[in-house]
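The values are calculated or read from the model by the stated rules, or taken from the named source; none is laboratory data. As the structure is a computational prediction, the values presented were derived from the model and not from experiment. Glycine also receives a Cβ, built like all others from the backbone with ideal geometry; neighbour counts cover every protein chain displayed.
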Amino acid sequence: MTRKLEELFGFDQLNDDTATPEPISETLTPEQTRTAIISIDATIDKIDEALPAIRDLEASDKELDDLAELAKESYQNLSDLGMNVDSRFSAELFAVAGTMLGHALTAKTTKLNKKLKMIDLQLKKLKLDQDAAKNRGKFDDVPTAEGQILSRNDLLERLIGSREQKDN
C-alpha cells in the first residue's frame, strides 16, 4: 500500500518488521467448530432480520409500464404522421416509429425478466432453507478420526506386518 493511501484512509504506518503477519496455527476441536458455526449462523440470521425488505418493486413496474405506454403512443403518432406526409419523408418517420415500438417491447421484456429473476431467487432461497433444515441434525454424530504422518518405509512395514498377520 502506498503512503498516500495510508494517510488518506488513516491507516497506521507499517514497519518492515510487521509487514509479514505470523501465521495463525490454531486447531479447533469438532465441538468448538460446531459452536462456532452455530454462532455464525445465528449472526447471519440476525443480519437477515435487520435488513429491510426490498421495496418499490411495484413502483419500478409502474414506471416500466408507463414507458411502454408512452413508446406505444409515440409509435402510433409517428405512424399516423408518416401516413400523412410526402412519401420521401415517411421512411424516416416509420423507422423512428419502429424504434419506439422496440423500446416498448424492451420495457415489457425487462419487467418480465425482473419478475422471473425475483421468483428464481425466492425459489433458490426456499431450497437453501429446506436443505439447511434437512441437514441440521445430520452433522451432530459425524465420526472423527486421527491421522499420523508416516514415512514411506514405516507404511511399507505396517502393510507387510498386516499381511503376515493375515497369513498366520
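The table for this structure:
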read-out	value
Breaking point among (1) modelled with pLDDT of 85 or more; (2) surrounded by 12 or more Cβ atoms within 10 Å (Cβ to Cβ), for Leu159	(2)
Every residue from the range 81-135 that is hydroxyl-bearing (Ser, Thr, Tyr) and surrounded by fewer than 12 Cβ atoms within 10 Å (Cβ to Cβ)	Ser87
Every residue from the range 118-138 that is farther than 30 Å from Asp61 by Cα, part of a helix (DSSP H, G or I) and either in contact (Cβ under 8 Å) with a residue 12 or more places away in the chain or among the basic types (Lys, Arg) (or both)	Lys134
Filtered residues of the range 19-73 (kept if among the basic types (Lys, Arg), surrounded by 12 or more Cβ atoms within 10 Å (Cβ to Cβ) and either modelled with pLDDT under 75 or not in a helix (DSSP H, G or I) (or both))	Arg34
Test result for Asn153, surrounded by 10 or more Cβ atoms within 10 Å (Cβ to Cβ) and either at pLDDT 85 or above or in a helix (DSSP H, G or I) (or both)	no
